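The values are calculated or read from the model by the stated rules, or taken from the named source; none is laboratory data. All figures in this text were calculated on a predicted structure; none of them were measured in a lab. Here the Cβ positions follow ideal geometry from the backbone for every residue, glycine too, while neighbour counts run over all protein chains shown. The accessibility values were calculated without ligands, DNA or RNA, using every heavy atom of the protein model including side chains. Shrake-Rupley method; radii C 1.70, N 1.55, O 1.52, S 1.80 Å.
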Amino acid sequence: MSEIERKKKLPVGIDNFSKLRSENFYYVDKTAMIRDLLNHWGEVNLFTRPRRFGKTLNMSMLKSFLEIGADPSLFEGLEIFR
(Lines give C-alpha, C1' and ligand atoms only; values in the text may rest on other atoms or scores of the structure.)
Protein backbone atom coordinates (compact mmCIF):
# COMPACT_ATOMS: atom_id res chain seq x y z
CA MET A 1 0.00 0.00 0.00
CA SER A 2 1.49 3.33 -1.00
CA GLU A 3 1.78 6.30 1.37
CA ILE A 4 -1.00 8.13 -0.47
CA GLU A 5 -3.38 5.17 0.02
CA ARG A 6 -2.63 5.04 3.78
CA LYS A 7 -3.33 8.71 4.44
CA LYS A 8 -6.65 9.32 6.10
CA LYS A 9 -9.09 11.77 4.56
CA LEU A 10 -10.75 14.67 6.37
CA PRO A 11 -14.48 14.02 6.86
CA VAL A 12 -15.76 17.47 5.90
CA GLY A 13 -19.56 17.36 5.89
CA ILE A 14 -19.79 13.60 6.48
CA ASP A 15 -22.07 12.55 9.33
CA ASN A 16 -22.36 8.82 8.59
CA PHE A 17 -20.38 6.69 11.07
CA SER A 18 -20.15 3.59 8.89
CA LYS A 19 -18.88 5.64 5.94
CA LEU A 20 -16.24 7.33 8.11
CA ARG A 21 -14.96 4.01 9.42
CA SER A 22 -15.15 1.99 6.21
CA GLU A 23 -13.67 4.62 3.89
CA ASN A 24 -10.58 5.56 5.95
CA PHE A 25 -11.58 9.01 7.22
CA TYR A 26 -10.20 10.57 10.39
CA TYR A 27 -12.42 9.83 13.36
CA VAL A 28 -12.07 11.08 16.94
CA ASP A 29 -13.15 8.13 19.09
CA LYS A 30 -16.26 9.03 21.07
CA THR A 31 -17.46 5.46 21.59
CA ALA A 32 -16.93 5.68 25.37
CA MET A 33 -20.14 7.73 25.26
CA ILE A 34 -22.00 4.51 24.38
CA ARG A 35 -20.81 2.84 27.58
CA ASP A 36 -21.77 5.92 29.64
CA LEU A 37 -25.17 6.04 28.00
CA LEU A 38 -25.85 2.35 28.68
CA ASN A 39 -24.62 2.53 32.28
CA HIS A 40 -26.45 5.78 33.15
CA TRP A 41 -29.51 5.59 30.95
CA GLY A 42 -32.74 7.47 31.38
CA GLU A 43 -36.15 7.23 29.81
CA VAL A 44 -35.24 10.29 27.80
CA ASN A 45 -31.74 11.42 26.88
CA LEU A 46 -31.09 14.92 25.61
CA PHE A 47 -27.95 15.59 23.60
CA THR A 48 -27.21 19.31 23.53
CA ARG A 49 -24.26 20.74 21.66
CA PRO A 50 -23.70 23.79 19.51
CA ARG A 51 -24.06 23.54 15.76
CA ARG A 52 -21.44 21.44 13.97
CA PHE A 53 -20.33 19.57 17.14
CA GLY A 54 -21.17 16.07 15.89
CA LYS A 55 -24.67 15.38 17.19
CA THR A 56 -25.76 13.66 13.98
CA LEU A 57 -22.51 11.68 13.78
CA ASN A 58 -22.98 10.51 17.38
CA MET A 59 -26.53 9.38 16.59
CA SER A 60 -25.22 7.53 13.54
CA MET A 61 -22.57 5.87 15.76
CA LEU A 62 -25.27 4.80 18.24
CA LYS A 63 -27.41 3.42 15.43
CA SER A 64 -24.45 1.41 14.07
CA PHE A 65 -23.79 0.03 17.55
CA LEU A 66 -27.36 -0.84 18.56
CA GLU A 67 -28.95 -1.82 15.27
CA ILE A 68 -29.56 -5.52 14.70
CA GLY A 69 -27.42 -6.76 11.81
CA ALA A 70 -24.97 -3.85 11.99
CA ASP A 71 -21.32 -4.50 11.14
CA PRO A 72 -19.36 -4.98 14.41
CA SER A 73 -16.04 -4.56 12.58
CA LEU A 74 -16.75 -0.81 12.41
CA PHE A 75 -15.86 -0.65 16.10
CA GLU A 76 -12.57 -2.59 15.96
CA GLY A 77 -9.78 -0.61 17.58
CA LEU A 78 -12.14 1.83 19.28
CA GLU A 79 -12.71 2.32 23.01
CA ILE A 80 -16.03 0.43 23.11
CA PHE A 81 -14.41 -2.63 21.47
CA ARG A 82 -11.99 -3.15 24.37
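Summing +1 for each Lys or Arg and -1 for each Asp or Glu, what net charge is found among the other residues whose Cβ lies under 14 Å from the Cβ of PHE81?
0
So with the 1.4 Å probe, I'd like the accessible area per residue for the chain, rounded to whole Å².
81 Å²
Taking the Cα-to-Cβ direction at PHE25 and at ASN39 and moving 7 Å from each Cα, how far apart do the two end points lie in nm?
If labels sit at PHE25 and ASN39, their model points lie 2.9 nm apart.
Of the heavy-atom accessible surface of the chain (probe 1.4 angstrom), what whole percent is carbon and sulfur?
On the way: 3590 of 6610 Å².
For the chain, the apolar C and S fraction of the accessible surface comes to 54 percent.
Which angle from 0 to 90°, rounded to the nearest 10, does the C-alpha axis of helix 55-66 make with the longest principal axis of the chain?
Here the helix axis deviates by roughly 80 degrees.
Only one of the values (1) 5.2; (2) 6.6; (3) 5.8 was calculated from this structure for mean projected area of the Cα convex hull in nm²; name its label.
Read-out taken from this structure: (2).
Okay, helix-only estimate at 222 nm for the chain: each DSSP H run of n ≥ 4 adds -39500 (n - 2.57), divide by all residues, round to 500 deg cm²/dmol; what do you get?
That comes out to -9500 deg cm²/dmol.
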